[in-house]
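Q: One structure, pasted below without further comment.
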Amino acid sequence: MNELLCKCYDTDKLDELEFEDSKSIKQFGVDDRQMEYVKLFHKFFDSNDELQNAYESMVMDIVKEHYKCDVYFQITPNIRLHQPESTSLGRRDIDPEGMIGYHSDNEFNHPKGEDNWIYAITDMFDSNSLYYGDYDDVHNVNLKQGEFASFDFNVIKHWNKINKTGKTRLSLDFRIMRTDVSPLKNNYYKYLVY
């Protein structure tokens, strides 16, 4: 998968990838999904059967190990680029100090029972990672390149901080849920037979 994403972004150093329009912090849910890196990914993903097949194979591996049943999965994963001195999430007016994009997915009508999965394309560590928890119990997602993790971000608050690591984090996040959960939108998920 990483080789395909290197082709997508025309680089062999994904942890050094930066985009001019990603240097400023955007507004959550308004223009943070209109970034150049997002548009390039979607154009590449939509036209590249090899990347689509690699993604579906990755989802199937997760399903075999963790679900062992038919599932719905997000058709197109979200791409996250968290470059130095910026963030992969936009800012919200209600963000607490030092937290950018502070939210849980149920605020946006994602169904209970929908699991969030993160695949680290580059290492995720320190301030280039994703933070979660509450004010008194804060954790961050530390993953090495190629590792996965699953979280209940439907109910758990999560956010970014300004990336001070000097390295870009590139990751995919996507959702998987059992078939007894009602999908958010029919065109958002694909049915996968175990």
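The values are calculated or read from the model by the stated rules, or taken from the named source; none is laboratory data. Keep in mind the model is a prediction, meaning the values are calculated, not measured. We place every Cβ from the backbone using ideal geometry, glycine too, and count neighbours over all the protein chains shown. Calculation scope for accessible area: heavy atoms of the full protein, side chains included, ligands and nucleic acids excluded. Shrake-Rupley method; radii C 1.70, N 1.55, O 1.52, S 1.80 Å.
Q: Is there a residue being of a type outside the set (S, T, N, Q), open to solvent by less than 90 Å² (accessible area, probe 1.4 Å), assigned to a loop (DSSP other than H, G, I, E, B) and in contact with a strand residue (DSSP E or B) (Cβ under 9 Å, 6 or more places away or on another chain) anywhere in region 36-47?
A: The answer is no, given that none of the residues of region 36-47 is of a type outside the set (S, T, N, Q), open to solvent by less than 90 Å² (accessible area, probe 1.4 Å), assigned to a loop (DSSP other than H, G, I, E, B) and in contact with a strand residue (DSSP E or B) (Cβ under 9 Å, 6 or more places away or on another chain).
Q: Still on this structure: With (1) among the polar types (S, T, N, Q); (2) farther than 24 Å from M58 by Cα; (3) free of Cβ contacts under 8 Å to residues at least 12 places away in the same chain as the list, and T165 as the residue in question, which single condition is left unmet?
A: Tallying (1) among the polar types (S, T, N, Q); (2) farther than 24 Å from M58 by Cα; (3) free of Cβ contacts under 8 Å to residues at least 12 places away in the same chain, T165 fails exactly one: (3).
Q: Please enumerate the residues belonging to region 168-188 that are modelled with pLDDT of 90 or more and either open to solvent by less than 80 Å² (accessible area, probe 1.4 Å) or in a loop (DSSP other than H, G, I, E, B) (or both).
A: We begin by selecting, within region 168-188, every residue modelled with pLDDT of 90 or more; these are 168-179.
Within region 168-188, T168, R169, L170, S171, L172, D173, F174, R175, I176, M177, T179 meet the criteria.
Q: Now, a different point. Could you run through region 75-125 and say how many residues are of a type in the set (A, V, I, L, M, F, W, C), open to solvent by 30 Å² or more (accessible area, probe 1.4 Å) and in a loop (DSSP other than H, G, I, E, B)? Before the answer, list the steps.
A: First, the residues of region 75-125 that are of a type in the set (A, V, I, L, M, F, W, C): 75, 79, 81, 89, 94, 99-100, 108, 117-118, 120-121, 124-125.
Add one more test, that the residue is open to solvent by 30 Å² or more (accessible area, probe 1.4 Å), and what stays is 75, 94, 108, 125.
Remaining after also requiring in a loop (DSSP other than H, G, I, E, B): 75, 94, 125.
Adding up the residues that qualify gives 3.
Q: I'd like to check something: does region 143-161 contain any residue that is closer than 24 Å to E65 by Cα, among the hydroxyl-bearing types (S, T, Y) and either modelled with pLDDT of 95 or more or assigned to a loop (DSSP other than H, G, I, E, B) (or both)?
A: We begin by selecting, within region 143-161, every residue closer than 24 Å to E65 by Cα; these are 143-156.
So of that shortlist, the ones also among the hydroxyl-bearing types (S, T, Y) come out as 150.
Right, trim to either modelled with pLDDT of 95 or more or assigned to a loop (DSSP other than H, G, I, E, B) (or both) and you get 150.
Yes, region 143-161 contains at least one residue that is closer than 24 Å to E65 by Cα, among the hydroxyl-bearing types (S, T, Y) and either modelled with pLDDT of 95 or more or assigned to a loop (DSSP other than H, G, I, E, B) (or both).
Q: Somewhere in region 126-135, is a residue over 14 Å from the mean Cα position of the chain (by Cα), at pLDDT 95 or above and surrounded by 13 or more Cβ atoms within 10 Å (Cβ to Cβ)?
A: Yes - at least one qualifying residue is present in region 126-135.
Q: Taking the stated definitions as given, is G146 open to solvent by less than 30 Å² (accessible area, probe 1.4 Å) and small (G, A, S)? Quick ask: steps written out before the conclusion?
A: Working: open to solvent by less than 30 Å² (accessible area, probe 1.4 Å): no; small (G, A, S): yes.
Criteria not met by G146.
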